[in-house]
Amino acid sequence: MKKYIAESLGTFWLVFGGCGSAVLAAAFPEVGIGLLGVSLAFGLTVVTMAYAIGHISGCHLNPAVSIGLWAGGRFATKDLLPYIIAQVIGGVLAGGVLYLIASGQTGFDVSGGFASNGYAEHSPGGYTMMAALIAEVVLTAFFLLVIMGATDSRAPAALAPMAIGLCLTLIHLISIPVTNTSVNPARSTAVAVYVGDWAVSQLWLFWVAPIVGAIIGAVIYKFISTPEAE
């Protein structure tokens, strides 16, 4: 139970820190942190939580990561569903706390997006559904490749959180204009449920694409990391 609680807390921190930076600080008058700041915020949530709970739960914070690690033979089947449930609960709770804070500002309107992920008219840059799908699959695949490589027993263990956090930062730098960046179904669900409407109707893509990408990345890493027979 403690590892499930740890995953819930970690996902809470990821959503609150990452989406919170987007909702509260990205466009703050004159001193907003912008795209670069939001990207860094998401990376920092992973780095800080990896050191805080990595030794307790593995610090997945993401249903796609849990499924990818399972597909790559790194995660037990019995823990898969409880991890996903814990991650979604933690994310939705963070979305709720963020909503309470954001709604304290005069003129706040959740229909403006609330850091939700979207495509077509709800993509920050107006990218199509196909573009969003490809971006989410490819980026999540490489995210799993980095995660599995950085946590391989042959890699320097102390540096894994930095590599994973920087990878997530890079992913956001690439794809915020395309989908507002998901690569994490729990992160997408966490804010979409408060927006409702279009955010919920488009949520399917931000479950399907990251999961498919995670499985692809995990399978590729498993293949390239297996020593060749001499």
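What number comes out for accessible area per residue over the chain if the probe is 1.4 Å? Units Å², please.
Accessible area per residue, the chain: 46 Å².
Rounded to whole Hz and in sequence order, give me ³J(HN,Hα) for the stretch 30-47 from the Karplus expression 6.51 cos²θ - 1.76 cosθ + 1.60, θ = phi - 60°, writing x for Gly and Pro.
6, 10, x, 7, x, 4, 4, x, 5, 4, 5, 4, 4, x, 5, 4, 5, 4
What's the local net charge at residue 199, with K and R +1, D and E -1, over the other residues with C-beta under 14 Å away?
-2
First compute the accessible area of the chain with a 1.4 Å probe, then give the percent of it belonging to carbon and sulfur atoms.
Within the chain, the accessible surface is 72 percent carbon and sulfur.
Can you give the angle from 0 to 90° between the axis of helix 160-179 and the longest principal axis of the chain, with both taken from C-alpha atoms, to the nearest 10?
The answer is roughly 40 degrees.
Give me Rg/Rg_expected for the stretch 1-46, where Rg uses Cα atoms only and Rg_expected = 2.2 N^0.38 Å with N residues.
Cα Rg divided by the expected 2.2 N^0.38 Å: 1.33.
Please turn the phi angles of the stretch 89-100 into ³J(HN,Hα) values with the Karplus equation 6.51 cos²θ - 1.76 cosθ + 1.60 (θ = phi - 60°), one per residue in order, whole Hz, x for glycine and proline.
4, x, x, 5, 4, 5, x, x, 5, 4, 4, 4
Compare 155, 218, 50 in a GNM of the chain, Cα atoms joined below 10 Å, and give the one with the largest fluctuation.
Among 155, 218, 50, the largest mean-square fluctuation in the Gaussian network model of the chain belongs to 155.
Based on the Cα gyration tensor of the stretch 1-81, what are the three equivalent ellipsoid semi-axes, each the root of five times an eigenvalue, rounded to whole Å and given largest first?
For the stretch 1-81, the ellipsoid semi-axes come out as 29, 12, 10 Å.
Once the convex hull of the C-alpha atoms of the stretch 83-230 is built, how many Å³ does it hold per residue, rounded to a whole number?
128
Can you list the HN-Hα couplings for the stretch 205-218, worked out from phi with the Karplus curve (6.51, -1.76, 1.60; θ = phi - 60°), rounded to whole Hz and with x for Gly and Pro?
Calculated HN-Hα couplings, in order: 5, 8, 9, 5, 4, x, 5, 4, x, 4, 5, 4, x, 5 Hz.
State the Kirkwood hydrodynamic radius of the stretch 154-230 in Å, one decimal place, computed from all pairs of distinct Cα atoms.
14.7 Å is the Kirkwood radius here.
Tell me, in nm to one decimal, what length is gained between residue 155 and residue 204 on full extension, where the rule is 0.36 nm per residue of separation less the Cα-Cα distance?
Answer, rounded to one decimal: 14.2 nm.
For Cα pairs less than 8 Å apart in space and 6+ apart in sequence, what is the mean separation divided by the residue count of the chain, i.e. the relative contact order in percent?
Reported relative contact order: 30 percent.
If you build a Gaussian network model of the chain, linking Cα atoms that sit under 10 Å apart, which residue out of 104, 125, 165 swings the most?
Answer for the Gaussian network model of the chain: 104.
Which value results when the Cα radius of gyration for the stretch 94-146 is divided by 2.2 N^0.38 Å?
Here the Cα radius of gyration is 1.50 times the empirical estimate.
How are the alpha carbon pair distances in the stretch 1-151 distributed across 10 Å bins from zero to the largest one, expressed in percent?
Each 10 Å bin holds this share of Cα pairs: 11, 34, 38, 16, 2.
The values are calculated or read from the model by the stated rules, or taken from the named source; none is laboratory data. Only a predicted model underlies this, so the values are computations on that prediction, with no experimental measurement involved. Every residue, glycine among them, receives a Cβ derived from its backbone with ideal geometry; neighbour counts consider all protein chains shown. These area figures cover heavy atoms from the full protein model, side chains too; ligands, DNA and RNA do not enter into them. Shrake-Rupley method; radii C 1.70, N 1.55, O 1.52, S 1.80 Å.
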